[in-house]
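Here, each number is a calculation from the coordinates, and none is a lab measurement. Just so it is clear, the structure is predicted and the values come from calculations on it, not from any experiment. For neighbour counting, all protein chains shown are included, and Cβ atoms are generated from backbone atoms with ideal geometry for every residue, glycine included.
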Amino acid sequence: MRRSSTFARQVLLVRVGRRDGDLRTTDVTLPEHRYADRQRRRYGLDRLGRPSLGVNRAEVEAVMPVSPALPPMAHADEASRSIPLLPGEHTVARRMKFGLVNACTLASLMLGMLAIFLAMQGEVRIAALCLIACVGFDGLDGALARRLGVASPFGAQMDSLADMCSFGLAAPVVVYASLAGSVSTAAAAVACALVAACAAIRLARFNVSPKDGRFFCGVPTTMAAAVLAVTVAIGLPVPGLVLVAGVALLAFAMVSSFPYAKLARLVKLPPWLWLAPVLGALVDIRLTFALIVVGYLVSGPVLWLRQRRTA
């Protein structure tokens with residue numbers, strides 16, 4: 001009786017604060033009783049909320065009482081399963097088209113892995129050609145997705161991950177292998193690490209930024225990888241330190257805020273402008289390629305200054 005009366009007084013202990021004649025707060029403190037976990041042990045749970053030995057958790061959850069004021073919560077995996085990878089009708093034809101587009105993305109990824117393996121064996125020229133093929137498949141999957149009407153958020157995220165593997169990792173590895181012996185190992189490693197880091201930042205920023213139909217914000221990762229791959233494939237005859245500086249400059253250009261024209265706008269240029277690089281490639285393809293790359297990199301700051309003056 002004494003114990004129960006003490007417990008009753010503790011339960012009925014109420015602290016009431018009044019301010020301007022109104023009830024302010026009411027705090028009720030309940031002490032932890034030594035038999036508070038009797039109900040938990042009754043349903044097969046230990047003190048940490050885990051099922052006791054030999055008791056199934058599903059059976060315990062089915063037996064334990066549930067408050068009628070709280071609706072049952074849906075599991076996270078059920079919510080994730082309700083989001084389709086392919087929006088729209090799930091016909092056999094659309095699924096085949098969807099698989100074809102993703103096969104192109106996986107082909108770009110596999111060619112990037114092959115480029116890494118070839119670069120590790122010293123076949124840097126063939127590895128660079130694999131990277132050029134990666135660029136082709138990367139442009140093909142997006143064009144097919146829009147043409148076949150199977151573009152989806154899943155495909156966009158998958159394409160971004162494949163670009164990071166092929167252009168953010170494979171391209172720096174191939175460039176590092178090509179610079180072996182011409183420059184110091186530390187300088188080549190720092191320049192190639194910059195390419196990988198800036199490619200990751202560029203791709204992440206592209207995924208969360210609003211899209212502009214006319215210009216890219218910074219040099220695209222695909223374009224940077226294509227420049228690096230062609231440079232290795234044709235064997236640009238420049239000193240090693242100049243190549244390292246060019247690789248670092250290209251890496252910073254990827255994360256810059258300079259506007260660079262998309263390929264669709266470049267195709268619409270007058271035909272006589274395309275005649276000059278074609279004739280230059282017949283004379284000296286290496287010099288022509290270097291001039292085109294420098295002109296494209298300089299076009300970003302020029303367009304940026306022009307936009308600021310007209311704003």
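Observations on the model:
- Under 16 Å from the Ala156 label point (7 Å along Cα→beta-carbon), backbone N, the stretch 179-207: 203-207
- Cleavage-rule hits, trypsin sites (Lys or Arg not before Pro), the stretch 229-311, DSSP coil, Cβ neighbours within 10 Å at most 10: Lys268
- Note on Ile201 and Leu305: their simple-model spin labels are 2.4 nm apart, each label 7 Å out from Cα toward Cβ.
- For the stretch 237-311, a Kirkwood hydrodynamic radius built from all Cα pairs, placed in the Stokes-Einstein relation at 25 °C and 0.890 mPa s, yields a translational diffusion coefficient of 172 µm²/s.
- Burial ranking of peptide ranges 297-303, 243-249, 227-233 (average Cβ count within 10 Å, highest at the top): 227-233, 243-249, 297-303
- Cβ-Cβ FRET estimate between Val92 and Arg286, R0 fixed at 41 Å, reported to 0.05: 0.25
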